[in-house]
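Nothing in this text is a laboratory measurement; each read-out follows from the coordinates by a stated rule. Owing to the predicted nature of the structure, the values given are computational and were not obtained by experimental measurement. Cβ coordinates were reconstructed from backbone atoms using ideal geometry, including for glycine residues, and neighbour counts include every protein chain displayed.
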Amino acid sequence: MAYSKRCIVTGAAGFIGSALARLLIKETDATVLVVDKLTYAGVPESLKEVGLDPETLASSNPRLQFLKADICDAAAMDRAFAEFKPDTIFHLAAESHVDRSIDGPGEFVRTNVTGTATLLQAALAYWRGLDDAAKAAFRFQHISTDEVYGTLGETGFFTEKTPYSPHSPYSASKAASDHLVRAWHDTYGLPTLITNCSNNYGPYHFPEKLIPLIILNCLDGKPLPVYGAGANVRDWLYVEDHARALLLVNEKGVPGETYNVGGHNERTNLDVVKTVCAILDYLRPRADGTKYASLIQFVKDRPGHDLRYAIDPAKLMNELGWKPRENFETGISKTVQWYLDNEWWWGPIHAKRYAGERLGKG
């Protein structure tokens, strides 16, 4: 692909960020600087296939560099811009798990709000020093979530005009960061782009999230926790489709605009769990012949649990020409198979970082 920008990607040792970094290295001519603090959810092994040594953080690929740094560190961010001289920044670094935000909201405010403001200031100072052509070409692209919009009833979709109504510390912190990005565009003229996406799934997903948690609990023969009655609805988006949407927005999006990214794949949480169980029944049946669905266990619901999310991606499709390659059936099959084939990646996480314990009881 004829895309050769110098890109800073924050949070690229995480789930969506690593998918974007892999896409940029494998399918474009971009040069990428990964900026990641390597919190519990930062997994440098997710970039191993594009040349990163997860132990030393050195890269064998001349187009990939890694900087271990906190986006709240203003001096480090200023140095990163000054030394790398990016054409664009994809900002994905964030605390992202709703349950953890219930247990510890302060870190979500620090990273998602203060960190975004720090990054915006570093980008603004750098951008102001560019010549006119470079200023016009520069982009600050902020990757956000549909959760900022709150909850839907049984019908309707979130659009770019839906009023914000966040209900968890996580979604409130992301809403705040969205507002900051818009303010830096409207006040200072910084060329910004915002995307709000539906629930992502796919390879390299940290196992605290629903789909990898269910897969690994099935393999361990553990209960499969389903909040409430499992009736909460989410719109699922395959992570590699999301990464391609982000690249398209970066290339063709209009500064100051927001683009919603969704898969039109609505499923209840219970349906998702049952689908994973059925795939595993086929790919790796249990030794005793029982079905994985027998492990489903309904548990007390999450506080403030939004009923339904659903994204209308019409603006992205009609104005920029995006179309997902995967539907839920193809994407979830690929995802389950990936976890079966890649215990080298999730095994150490499961053993040392997160073993599936319940979070966010409030």
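A few remarks follow.
- Net length gained if the chain between ASP271 and TYR164 were fully extended (0.36 nm per residue, minus Cα distance): 35.8 nm
- Restricting attention to region 206-343, close to 40% of DSSP beta bridges with both partner residues there are antiparallel.
- Tilt relative to the chain, helix 328-341 - C-alpha long axis, 0 to 90 degrees, to 10: 80 degrees
- Gyration tensor verdict on region 204-362 (Cα atoms; rounded if a/c is under 1.5, prolate if a/b is larger than b/c, oblate otherwise): prolate
- Whole-percent pair-distance distribution, where bins are 5 Å wide, for the alpha carbons of region 116-201: 3, 13, 23, 21, 15, 11, 8, 5, 2, 1, 0
- Peptides 108-118, 46-56, 64-74 ordered by packing proxy, namely the average of other Cβ atoms within 10 Å per residue, highest first: 108-118, 64-74, 46-56.
- Rough spin-label spacing in nm, given labels placed 7 Å along Cα→Cβ, for VAL254 and GLU319: 0.5 nm
- Reported to the nearest whole Å, the Cα centre-to-centre distance from region 261-292 to region 155-208 is 29.
- Antiparallel %, DSSP beta bridges [both residues in the chain], to 5: 10 percent
- Global geometry of region 158-290, whether rounded, prolate or oblate, following the gyration tensor of its Cα atoms and the 1.5 cut on a/c: prolate
- The charge dipole of region 1-158, taken about the Cα centre with unit charges on the Cβ atoms of Lys, Arg (+1) and Asp, Glu (-1), comes to about 520 debye, rounded to the nearest 20.
- Integer Hz, Karplus 6.51/-1.76/1.60 couplings in order for region 110-126, x for Gly and Pro: 4, 6, 6, 9, 5, x, 5, 4, 4, 5, 4, 5, 5, 5, 5, 4, 5
- When the convex hull of its Cα atoms is projected in every direction, mean area for region 1-149 (nm²): 9.3 nm²
- Kirkwood-based shape ratio for the chain, expressed as Rg/Rh from alpha carbons: 0.95
- Sum of side-chain charges, PHE157 neighbourhood, beta-carbon under 9 Å (Lys, Arg +1; Asp, Glu -1): -2
- Rounded, prolate or oblate (a/c below 1.5 giving rounded, otherwise prolate when a/b exceeds b/c) for region 49-117 by Cα gyration tensor: oblate
- Note on ALA76/TYR40: beta-carbon distance plugged into 1/(1 + (r/R0)^6) with R0 of 22 Å gives a FRET efficiency of 0.65.
- Distances between placed amide hydrogens fall under 5 Å for CYS197 paired with SER144, THR145, ASP146, VAL261, all partners being 5 or more residues away or on another chain.
- Stretch gain in nm, segment ARG353-THR155, where the contour uses 0.36 nm per residue and the Cα spacing is subtracted: 67.4 nm
- Label-zone membership for region 232-252, site ALA137, 7 angstrom Cα→C-beta point, backbone N under 19 Å: 247-252
- Here the Karplus relation 6.51 cos²θ - 1.76 cosθ + 1.60, evaluated at θ = phi - 60°, turns the backbone of region 173-184 into coupling constants of 5, 6, 4, 4, 5, 4, 4, 4, 4, 4, 5, 5 Hz, with x for every Gly and Pro.
- Relative to the Cα centre, the charge distribution of the chain, modelled as +1 at Lys and Arg Cβ and -1 at Asp and Glu Cβ, gives a dipole magnitude of about 200 debye.
- Alpha-carbon centroids, region 1-50 and region 106-139: separation in whole Å: 18 Å
- Close amide H pairs (under 5 Å, H built 1.01 Å from N) link LEU67 with VAL34, VAL35, ASP36, residues at least 5 positions away or on another chain.
- MRE, 222 nm, helices only [DSSP H, n ≥ 4, -39500 (n - 2.57), over the chain, to nearest 500]: -12000 deg cm²/dmol
- Surface/4 estimate of mean projected area, convex hull on alpha-carbon atoms of region 265-356, nm²: 8.8 nm²
- One chain, two ends: ALA125 and ASP341. Fully extended at 0.36 nm per residue, the span grows by 73.2 nm beyond their Cα-Cα distance.
- Amide H contacts under 5 Å for TYR227, placed H, 5+ residues apart: VAL299
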